[in-house]
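What follows is a single structure, written as structure tokens, with notes after it.
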């Protein structure tokens, strides 16, 4: 039976425009797609040990069948790989494979691999092209699109990096069936985010259709495509996050602080879980500031809890330490300007906005309340 053509979401950035292809079976057809779009190029496939075990053989067979030359670089899995040490090893592997500036890197994996490989592509040989093949729901709807790359430091998450757009994104929806349920739920938080930012109808649709998204029915492709279209529209308006793109960080200021507080320990908290909790807290904080109704915060919490995501700080195993520690992490957030706190707050579901100069004592008092829940 002939495979159905993938859904195509264009990212219109003039001479740096690219396509996001969404659908099942794209991993097995990747070689054909890459050969037609990048004739004569060689590739370096960078992945982690877990993804390599599940998917590298399929991708390698596809590249070989298409007659493409490629090298393979495998790193350790987990947030710890977004480090200077692993970045150096990836760059060294690319140079050792003698890839030229016109060749491409391929990021096969979740958000960690995508961020790491995109950063490496942006700096090796003063800039190479790269392809995203995201293997998690979170990376398919968020980190693989838009060109934000980077690594972590002891000061916080994604504080070293650059904007470097991919040349193609291949989102194979069938590979999501190999994810454990926890990571599928974590990715769903980023899907829900697009409804909470400015599309209340989409959020309502998610409330009605989330079961089919998790089961892998047509709603899964529809949800991923809707999220990618929403992100592509924002990136087109504000590629370097100087304005409206900051809205995509809804929930991330709190979420990143919790990731720092848990030392990026994926056993305790993964990124999407931090975002889910952060989005609930953003709505609760907005209600505390009399910007939004508590009913909206309760609705958001109810939906995310229904799919199994954390909605209270107490849901994080081992806790998150002190309010002082959380505030220190919040001050390292990339949206801080001249020491002033910036949060993405909301006037209701689908009505997110950038709030500059949030009073630190208000944040501190709110966190104290939440820690006591």
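Only the coordinates and a few stated rules stand behind these numbers; no lab work does. The model shown is predicted, which means the values in this text are computed figures rather than measured ones. Every residue, glycine among them, receives a Cβ derived from its backbone with ideal geometry; neighbour counts consider all protein chains shown.
General remarks:
- Relative contact order for the stretch 218-333, counting Cα pairs under 8 Å that sit 6 or more residues apart, in percent: 25 percent
- Across all Cα pairs in the stretch 75-228, the calculated P(r) in 5 Å bins from zero up to the longest distance comes to 2, 9, 19, 20, 18, 14, 10, 6, 3, 1, 0 percent per bin.
- Ranked by the mean number of other Cβ atoms within 10 Å of their residues, highest first, the peptides 42-48, 17-23 fall in the order 42-48, 17-23.
- Projected-area mean, the chain, by convex hull of Cα positions, square nanometres: 17.2 nm²
- Crossing angle, helix 181-198 versus the chain [Cα axis fit, 0-90 degrees, rounded to tens]: 70 degrees
- Here the extension length gained between residue 322 and residue 242 equals 25.7 nm, from 0.36 nm per residue of separation less the Cα-Cα distance.
- Spin-label model, residue 174 to residue 61: label points 7 Å out along the Cα-to-beta-carbon direction sit 1.1 nm apart.
- Antiparallel bridge percentage (DSSP; both residues within the chain; nearest 5): 40 percent
- A protection proxy built from the mean count of other Cβ atoms within 10 Å ranks the segments 356-363, 73-80, most packed first, as 73-80, 356-363.
- Estimated from the Cβ-Cβ distance and a Förster radius of 22 angstrom, the FRET efficiency linking residue 125 and residue 17 is about 0.50.
- Förster radius 22 Å - calculated FRET efficiency between residue 8 and residue 351, Cβ distance, rounded to 0.05: 0.15
- Remark: 193, 82, 201 ranked as 201, 82, 193, counting other beta-carbon atoms within 10 Å and listing the fewest first.
- Inter-part distance where the stretch 50-98 and the stretch 115-139 are each reduced to a Cα centre, Å: 11 Å
- Cβ-based exposure ranking for 279, 327, 128, in which fewest neighbours within 10 Å come first: 327, 128, 279
- Residue-span extension gain [residue 312 to residue 289] - 0.36 nm each, minus C-alpha spacing: 6.4 nm
- Under the criterion of Cα pairs below 8 Å and six or more residues apart, the relative contact order for the stretch 45-148 equals 28 percent.
- Semi-axis lengths, Å, the stretch 138-198, gyration tensor of Cα atoms, sqrt of 5 times eigenvalues: 22, 16, 14
- To the nearest ten degrees, helix 294-306 and the longest principal axis of the Cα atoms of the chain are 40 degrees apart.
- Stretched out straight at 0.36 nm per residue, the stretch from residue 209 to residue 331 would grow longer than its current Cα-Cα span by 40.2 nm.
- Angle in degrees between helix 84-96 and the longest Cα principal axis of the chain, rounded to the nearest 10: 10 degrees
- For the stretch 11-110, the alpha-carbon coordinates run over 34, 30, 27 Å along the three principal axes, in decreasing order.
- Cβ crowding within 10 Å, taken as a proxy for footprinting-reagent exposure, orders 143, 83 from fewest neighbours to most as 83, 143.
- Computed FRET value (nearest 0.05) for residue 54 with residue 32, which takes r as the C-beta separation and R₀ as 22 Å: 0.55
- Helical contribution to [θ] at 222 nm, DSSP H n ≥ 4, -39,500 (n - 2.57), averaged over the chain, rounded to 500: -13500 deg cm²/dmol
- Put the Cα centre of the stretch 140-182 next to the Cα centre of the stretch 193-261 and the gap is 14 Å.
- In terms of overall dimensions, the stretch 193-246 has a Cα radius of gyration and Dmax of 12.6, 37 angstrom.
- Mean sequence separation of contacting Cα pairs (under 8 Å, at least six apart), scaled by the length of the stretch 144-266, corresponds to a relative contact order of 22 percent.
- The convex hull defined by the C-alpha atoms of the stretch 157-293 has an orientation-averaged projected area of 9.6 nm².
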